[in-house]
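Chemist: Just dropping this structure here.
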Ligand code: ADP
């Protein structure tokens, strides 16, 4: 019922492997549940190690012809894929909401965001140029080629079931690399629907494959293969570390988009309306389940009460519940584990002296009240770990240098946000923050033209932007002697 689609064939319960749609050899499946109702939506194959091997072989076979196509031809296919995603935005959004929980409008927004990567990188394909260098020696011509790195693998998380795939598959396919996608066990349906549309758009079989199954079985095959030359992973730092280790035996090129612990700093000279809008957008999007969500909100002492009051007024307008229902602003959390983490962070903070200004408990199922905590400090768990839920902890500060020190006092370095109307401070603080990204007077920074990525233990490499395609290219140097 909830999965009623205009194109029912977009709901796939088989994997895109080799030259068609495949079940597991032994018929094993994984249940996909709706986090709002708790009901099983569909069953997808639980593929094993042999299937992963088959996918690698198919990708290697498909590589030569795909890479040999003119960039313009690959771009055309990618453009069609992006167009098909937008044509079926309603269905894809519905599938996404059903398996992930985010409100339908936000899910459809993610589909548009996801399609933008395919469109952008299709265009970038045409700009993968080489260069001719000035030789220091007479009689030599020095050239560089930029060539596809080879078979690539994407391992993706559940919080953006569409965009985290296209942000990887877009540049991979554009560069001429086949890609094997292993979506999160919790949200494989969006991935499979994207796969169906890719085939419809003209992506040859083997160039994009979507395989579902237990990561413990499939993961080591993908990471251990010498044929696979590139792994792009988005997920937790802990898993990223493990994958990096697993890839060391074959020295694979890695892109890692890992955890964050984003600070959001509201200086005394901030525009309070912009700051509150920024906190709402950055903290509560996807019910707090993004790696760029503000995790620590530092507010200057002189405006702490004013910001708090306005933030509470905004949070009071939220409606938490069924992502498919009209007017829902925030859906359920992904599972019980996610609820437990938010509860743990709240309990720890309260025990150490923080105050719950609003929220603090579960609504029903895994729906959790948007929560604002005041008088949070550095000792608390929510200051050190990523909550990944709808919890805004408000810290009080008085000094710029000290708040920058606190903001940087973490092993993570993905996104950060500052709110200030002072242009000198804006530059000074942006330069001092040890983060891959700084949002200035905004809580929303992601788009296809921007280089998304982190420093420190938040990861390696950049996705999106013209830099994103570099992750799938190798430079070859040619030296010609007369
Ligand atoms: P979360 O986003 O829930 O914290 P993880 O970072 O553990 O999850 O997982 C993100 C993705 O990584 C998922 O697709 C998951 O299946 C996959 N994954 C987890 N552990 C491994 C592993 N050891 N090998 C390969 N993939 C893994």
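Chemist: Is there any pair with a first residue in the stretch 150-175 that is closer than 17 Å to residue 60 by Cβ and within 14 Å of the ligand (Cβ to nearest atom) and a second that is outside any helix (DSSP H, G or I) and modelled with pLDDT of 95 or more whose Cβ atoms are under 6 Å apart and which are 6 or more apart or on different chains, and what are they?
Modeler: Qualifying pairs under 6 Å: 153/180; 153/228; 153/231; 154/179; 154/181; 154/232.
Chemist: List every residue pair whose Cβ atoms lie under 7 Å apart, where the two residues are 6 or more positions apart in sequence or sit on different chains, the first residue falls within the stretch 223-245 and is without any contact (Cβ under 8 Å) to a residue 60 or more places away in the chain, and the second residue, located anywhere, is part of a helix (DSSP H, G or I) and more than 11 Å from the ligand (Cβ to nearest atom).
Modeler: Filtered contacts from the stretch 223-245: 224/249; 224/250; 226/250.
Chemist: Quick one: would you say residue 109 is in contact with a helix residue (DSSP H, G or I) (Cβ under 6 Å, 6 or more places away or on another chain) and in a helix (DSSP H, G or I)?
Modeler: Judged against the criteria, residue 109 is not a match.
Chemist: Considering (1) under 23 Å from residue 23 (Cα atoms); (2) touching a helix residue (DSSP H, G or I) at 6+ places or on another chain (Cβ under 9 Å), say which one residue 199 fails and leave the rest.
Modeler: Just one mismatch for residue 199, condition (2).
Chemist: OK, next. Being farther than 23 Å from residue 197 by Cβ, at pLDDT 95 or above and in contact with a strand residue (DSSP E or B) (Cβ under 8 Å, 6 or more places away or on another chain) is true for just one of 28, 62. Which residue is that?
Modeler: Residue meeting the stated conditions: 28.
Chemist: In addition: Of all residues being within 21 Å of residue 59 (Cα to Cα) and assigned to a loop (DSSP other than H, G, I, E, B) in the stretch 14-28, which is nearest to the chain's Cα centre (by Cα)? Just the residue, please.
Modeler: That would be 14.
Chemist: Of all residues in the stretch 222-242, how many are in contact with a strand residue (DSSP E or B) (Cβ under 7 Å, 6 or more places away or on another chain) and either over 21 Å from residue 410 (Cβ atoms) or more than 10 Å from the ligand (Cβ to nearest atom) (or both)?
Modeler: Of the residues in that region, 8 qualify.
Chemist: Without any contact (Cβ under 8 Å) to a residue 12 or more places away in the chain and within 22 Å of residue 105 (Cα to Cα), is that true of residue 325?
Modeler: Yes; evaluated as a whole, the condition is true for this residue.
Chemist: Moving on to the next point. Return yes when residue 256 is near the ligand (Cβ under 8 Å from one of its atoms) and under 22 Å from residue 470 (Cα atoms) and no when it is not.
Modeler: no
The values are calculated or read from the model by the stated rules, or taken from the named source; none is laboratory data. Model, not experiment: these values are computed from the prediction. Neighbour counts are summed over all protein chains in view; Cβ atoms, including those assigned to glycine, are modelled from backbone coordinates with ideal geometry.
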